[in-house]
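K.L.:
Provided herewith is a single structure, encoded as structure tokens, for subsequent inquiry.
The values are calculated or read from the model by the stated rules, or taken from the named source; none is laboratory data. All values derive from a computational prediction rather than experimental measurement. Positions of Cβ are generated from backbone atoms using ideal geometry, with glycine treated the same way; all protein chains shown enter the neighbour counts.
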Amino acid sequence: MNIKLENVSKQFKNVLAVDHLNIEISDGELICLLGPSGCGKSTTLSMIAGLEKPSEGAIHFDGENVNEVEAEHRDIGMVFQNYALYPHMTVLENIMFPLKMRKYKKSVMIEKALKVAELMQIIELKNRKPSQLSGGQQQRVAIGRALVKEPKILLLDEPLSNLDARLRIELRDEIRNLQRKLKITTIFVTHDQEEAMSISDKILLMNKGISQQYSSPKEMYREPNNQFVAGFLGNPPMNFLPGYYDVAVKQLYMQENGESVLIPWDKPQTMVGLPKGEVIIGIRPEDLYIVQERGVLMGEIKSIQTLGKEIYIRIDICGVLVTACVSWDHTYHVKERVHLGIKKIHVFAR
């Protein structure tokens with residue numbers, strides 16, 4: 001199912017939750033709606049589901065305007081943050097429930113529910129009640145219940161947020177593999193950037209109801225549209241330094257505490273709409289590396305955090321604290337002065 005949103009807005013009294021959103025989702029894609037709390041991602045999902053009507057704009061399914069089509073007629077399956085399983089029903093009965101509401105024959109319901117239970121790897125749990133299941137098993141039942149009616153669109157609203165970290169990783173991989181197997185158009189709402197980066201074909205990153213970027217995870221991470229996108233993706237987050245771009249000599253400088261440091265940058269010749277004057281220089285922690293001889297930047301180590309295969313070093317450069325992600329090939333010490341090289345930078349209007 002192809003989904004298209006044209007100038008879709010949603011107003012709640014004095015709050016504009018979604019502001020003129022334009023996106024197109026191709027048949028069989030898995031899209032993540034990502035952003036901080038209150039950015040409009042769940043409202044967007046609710047409008048696609050038919051639980052909310054747009055204040056403005058149109059939503060199309062395979063070219064058909066569905067603004068006035070009720071949720072039960074949109075051929076969608078939806079999974080919520082809380083699993084909403086019926087406690088008095090068994091796993092099989094919970095999965096069969098949507099078919100029961102459509103008045104399927106009992107033999108057909110059982111056959112379809114057993115197939116879905118096998119697909120979700122919960123066939124051996126079919127006679128248990130929800131209270132006898134773990135969080136991960138309950139989530140599988142909820143997804144199975146959404147899939148049993150063979151919807152053309154699967155909508156997932158933060159479905160893994162109640163699970164522990166290890167189980168979240170396992171289940172998100174299972175959801176991705178299942179989606180690829182079924183080739184079902186899927187929209188997944190999350191505030192977890194790692195979750196979005198790991199499973200989606202494309203990410204729609206939103207802030208204050210406005211689309212900030214809609215692209216593949218790789219493109220969004222490597223070529224962010226603006227400072228918000230750059231700062232939202234990445235752990236640890238991107239370093240931001242005050243800078244100045246001198247158009248006359250085509251050179252970029254970091255400026256702080258009255259000091260100017262030349263920052264090598266090979267992109268100005270190819271950029272359209274280049275920021276002029278005061279700018280923000282963005283450098284990801286993994287794009288900073290320590291050199292033994294004189295580097296582009298120099299500073300004093302303020303703190304060291306060891307995390308498995310990597311070390312995060314916080315360095316004071318002209319009064320600005322930056323984080324460098326480095327390997328274990330050298331022993332570093334607090335108050336040690338180090339020189340830094342830069343692999344790649346991003347430049348944003350101040």
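K.L.:
Identify, by number, the condition in (1) surrounded by fewer than 17 Cβ atoms within 10 Å (Cβ to Cβ); (2) at negative phi that LEU45 doesn't meet.
P.N.:
Here LEU45 meets the rest and fails (1).
K.L.:
For region 127-151, give me each residue that is charged (D, E, K, R), modelled with pLDDT of 90 or more and surrounded by fewer than 19 Cβ atoms within 10 Å (Cβ to Cβ).
P.N.:
ARG128, LYS129
K.L.:
Residues of region 293-336 being acidic (Asp, Glu) and over 30 Å from the mean Cα position of the chain (by Cα), which ones?
P.N.:
Of everything in region 293-336, those that are acidic (Asp, Glu) and over 30 Å from the mean Cα position of the chain (by Cα) turn out to be GLU293, GLU300, ASP316, ASP329, GLU336.
K.L.:
Look at GLU64 and say whether it is over 20 Å from the mean Cα position of the chain (by Cα), surrounded by 13 or more Cβ atoms within 10 Å (Cβ to Cβ) and assigned by TED's automatic domain parsing to the domain that holds LYS126.
P.N.:
Taking the combined requirement at face value, the residue does not satisfy it.
K.L.:
Same structure again: Hey, among the residues in region 247-294 that are among the acidic types (Asp, Glu) and modelled with pLDDT of 85 or more, which one's farthest from LYS343 (Cα to Cα)?
P.N.:
GLU278
K.L.:
Regarding region 156-166, can at least one residue be identified that is of a type outside the set (Asp, Glu), free of Cβ contacts under 8 Å to residues at least 12 places away in the same chain and assigned by TED's automatic domain parsing to the domain that holds ILE76?
P.N.:
In the first step, residues of region 156-166 are kept if they are of a type outside the set (Asp, Glu); the result is 156, 159-163, 165-166.
Filter again for free of Cβ contacts under 8 Å to residues at least 12 places away in the same chain, leaving 165-166.
Next, from what is left, pick out any that are assigned by TED's automatic domain parsing to the domain that holds ILE76: 165-166.
For region 156-166, residues of a type outside the set (Asp, Glu), free of Cβ contacts under 8 Å to residues at least 12 places away in the same chain and assigned by TED's automatic domain parsing to the domain that holds ILE76: present.
K.L.:
Follow-up. Restricting attention to region 313-340, report how many residues are surrounded by 16 or more Cβ atoms within 10 Å (Cβ to Cβ) and in a strand (DSSP E or B).
P.N.:
Residues that pass the stated criteria total 12.
K.L.:
Within region 70-84, which residues are among the hydrophobic types (A, V, I, L, M, F, W, C) and surrounded by fewer than 21 Cβ atoms within 10 Å (Cβ to Cβ)?
P.N.:
ALA71, PHE80, ALA84
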